[in-house]
């Protein structure tokens, strides 16, 4: 029914209140991740059809305890709820409460009611409340609060249809506030209402309280709010404590009236027993490291099968299209630029999906907060936060979602340090580079039953992690910041994960990676294709003739000739010209212009190194023979100055170190720009990491050669 | 001799106290928003293996706070 207005619903609630489960129940797969206009925070939006045929748009807002934000992702809640004049203003605010902890959950509800927004209270986790022996007079609660109350169990989906029916009925905003604003602030609130025409006193009061949440106002209007704040000596935060106490006083009276039977804590015994093991001073860490090992195992062993399939699929696609399409620059662009570009993105999907599936399980069960609990003290020594553990683990798959997950860190300095060092964690894009170089320079032998190549790979991961930690420690010493760091975090009761939530998280994270990072990787791979397919002068267009002249004295098969033409083209392309011009800079590291081309092309994305190597060493036409061919060609490459092999151990290790430390990922820089709101941090990161890579590789090469 | 004003950081595992106030208003406001109000009981459950942070129970749920924050919560025991 497109003629009828679509209902806009906002979901708010405490962290761990089962809000996301409810969101998934209401919308299923019909959801997407977008951005809030003007701000960089992710917006989860889903759609559902109500029983009256109307369409509802549901926004899942980050979990908060009150309307006063403590971190970047929490601020979005007040930004949405304070803005009553935009097309995005919710028609109904659904406040999701954990029925086992009603007192804490109701604080936010009373604030939403006082903002004058039509509200519905959903009592979630009714199964646990029943287990805890809690009994509430829901009818009385609803009439006393003046808002509809709906008990549900989002994990099982009970009460969802009733909730949908309730949403079709008009919800009225509350008339009288639960917390009337204080006498002292009446003057500035009146001044603000007269100037901006804000709906009610509490909303106006919050405009004065939260200068940073007013992103939706025009700059002149924001100036007006600041002027009123100054004129009336209004200090944000002054009465926040008093307001909280007063609201909880109201809530306690309400609960005294509606609670038929209070909670009996015995039901938590099981969870407490699990905690005794999982936070044990020895077993706690043993289990944590075992879980980490499992995560690595799954990324590196289980993901390889689908990754190889994807690789073959895209190679086959390129190959068959090359035969179907008429020859020309456009079909070259498609088969050599766009399809391998898309393939380069899709190949990481298995790793990202598996990693985020596992992380979602850890979050769903409540284990992730125990990891924060276990690691906080160690992380703080290095200027990080217990919550930095999640981004650092995620960084092993891909820095982009890892950096986005730092938003939960409420201290600015700790968050910046986490963002800054996360790209030093070896992401999956480095893996193909590591694999091929290690195979080239580390003998395939076993020492004490361990594969030397495996040890080398492990060593590179540890090196990246060590450098991330050391860099964090250095930054902690450098950045001067007197912002209090704190960790006040609920340790939720352990629960079995809900597989639907895990699945949806995997889909959502993968989808946003493919589209966000994909756009950039694809664009860069097209640019690189152009740079390596065109060059100054006529050398490229007449490459066939030049090569034929050069090789007229030796007899070559058609394939060998094609390979030589491809290599000749690359050497004389713009990419080749650039590679040659940077040769003086990279020579001290042991690299020649050919490796220079690979360094340039892998600036967009590291894994491009392998493809570039394949082209440079003229095996483009037989790339489907796989790594072995690239490796043997690289091994056969001669350094004309020494007469020995080009890829000596010194060069190989120098390259490995370079790829471990260097910032060679446009998408990461773009995400850091977005997350930090400027070019300062991405540029610092680029200079720091590239400098670190250069110096370390220089030292390694000079020492080894 | 210890005075009768103590804070949560000085409690022993398993001990229960009643919150009397906050040394630090900044932290106090955040704790109060999570239901950690003056007059309510707080139980010290256990500390993290490295001694910090600690796990306490308030309002029937478990909360992780650092020793620094725990020291800001005054109790009567």
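For this structure, a couple of remarks:
- Of all residues in the stretch A:532-556, those being part of a loop (DSSP other than H, G, I, E, B) and at negative phi number 14.
- Scanning the stretch A:56-99 for residues that are touching a strand residue (DSSP E or B) at 6+ places or on another chain (Cβ under 8 Å), within 14 Å of chain B (Cβ to nearest Cβ) and touching a residue at least 60 places away in the same chain (Cβ under 8 Å) turns up A:77, A:97, A:98.
- Scanning the stretch A:244-257 for residues that are in contact with a helix residue (DSSP H, G or I) (Cβ under 9 Å, 6 or more places away or on another chain) and either within 13 Å of another protein chain (Cβ to nearest Cβ) or not in a helix (DSSP H, G or I) (or both) turns up A:244, A:245, A:247, A:248, A:250, A:251, A:252, A:255.
- Residue within the stretch A:54-69 that is assigned to a helix (DSSP H, G or I) and either crowded, with 24+ Cβ neighbours inside 10 Å or touching a helix residue (DSSP H, G or I) at 6+ places or on another chain (Cβ under 7 Å) (or both) present: no
- Tally of residues being outside any helix (DSSP H, G or I) and out of contact with any strand residue (DSSP E or B) (no Cβ under 9 Å at 6 or more places or on another chain) across the stretch A:112-127: 1
- Just one of the listed residues (A:357, A:328) is surrounded by 16 or more Cβ atoms within 10 Å (Cβ to Cβ) and over 16 Å from residue A:427 (Cα atoms), and it is A:357.
- Among the residues of the stretch A:642-668, those that are part of a helix (DSSP H, G or I), over 20 Å from the mean Cα position of the chain (by Cα) and surrounded by fewer than 20 Cβ atoms within 10 Å (Cβ to Cβ) comprise A:649, A:650.
To keep it simple, each residue is scored yes or no on (1) in contact with a strand residue (DSSP E or B) (Cβ under 6 Å, 6 or more places away or on another chain); (2) within 25 Å of residue A:74 (Cα to Cα); (3) surrounded by fewer than 17 Cβ atoms within 10 Å (Cβ to Cβ).
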site: A:191; (1), (2), (3): no, no, no
site: A:195; (1), (2), (3): no, no, yes
site: A:207; (1), (2), (3): no, yes, no
site: A:211; (1), (2), (3): no, yes, yes
site: A:219; (1), (2), (3): no, yes, yes
site: A:222; (1), (2), (3): no, yes, yes
site: A:228; (1), (2), (3): no, no, no
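- Test: residue A:144 is within 27 Å of residue A:498 (Cβ to Cβ), part of a helix (DSSP H, G or I) and either touching a helix residue (DSSP H, G or I) at 6+ places or on another chain (Cβ under 8 Å) or without any contact (Cβ under 8 Å) to a residue 24 or more places away in the chain (or both): no
- Sole exception among (1) free of Cβ contacts under 8 Å to residues at least 40 places away in the same chain; (2) more than 19 Å from residue A:263 (Cα to Cα); (3) assigned to a helix (DSSP H, G or I) for residue A:130, by number: (2)
- If you check A:260, A:321 for being more than 14 Å from chain B (Cβ to nearest Cβ) and in contact with a strand residue (DSSP E or B) (Cβ under 6 Å, 6 or more places away or on another chain), only one passes: A:260.
- Only listed residue being over 25 Å from residue B:30 (Cα atoms), free of Cβ contacts under 8 Å to residues at least 60 places away in the same chain and either under 33 Å from the mean Cα position of the chain (by Cα) or within 10 Å of chain B (Cβ to nearest Cβ) (or both), chosen from A:219, A:236: A:219
- Filtered residues of the stretch A:277-302 (kept if within 8 Å of another protein chain (Cβ to nearest Cβ) and in a helix (DSSP H, G or I)): A:284, A:285
- Within the option set B:3, B:21, B:14, B:51, being at the interface with another protein chain (Cβ under 10 Å from one of its Cβ atoms) and either at pLDDT below 95 or more than 26 Å from residue A:262 (Cα to Cα) (or both) holds for one residue only, B:51.
- Unmet criterion (only one of (1) within 21 Å of residue A:63 (Cβ to Cβ); (2) more than 38 Å from the chain's Cα centre (by Cα)) for residue A:104: (2)
- Residue B:72 being more than 17 Å from residue A:491 (Cα to Cα), within 10 Å of chain A (Cβ to nearest Cβ) and crowded, with 20+ Cβ neighbours inside 10 Å: yes
- Filtered by the rule that a residue be in a helix (DSSP H, G or I) and under 12 Å from residue A:431 (Cβ atoms), the stretch A:303-316 gives A:304, A:307.
The values are calculated or read from the model by the stated rules, or taken from the named source; none is laboratory data. Since this is a predicted model, take the numbers as computed values, not measurements. Virtual Cβ from ideal backbone geometry, glycine too; neighbours counted across all protein chains shown.
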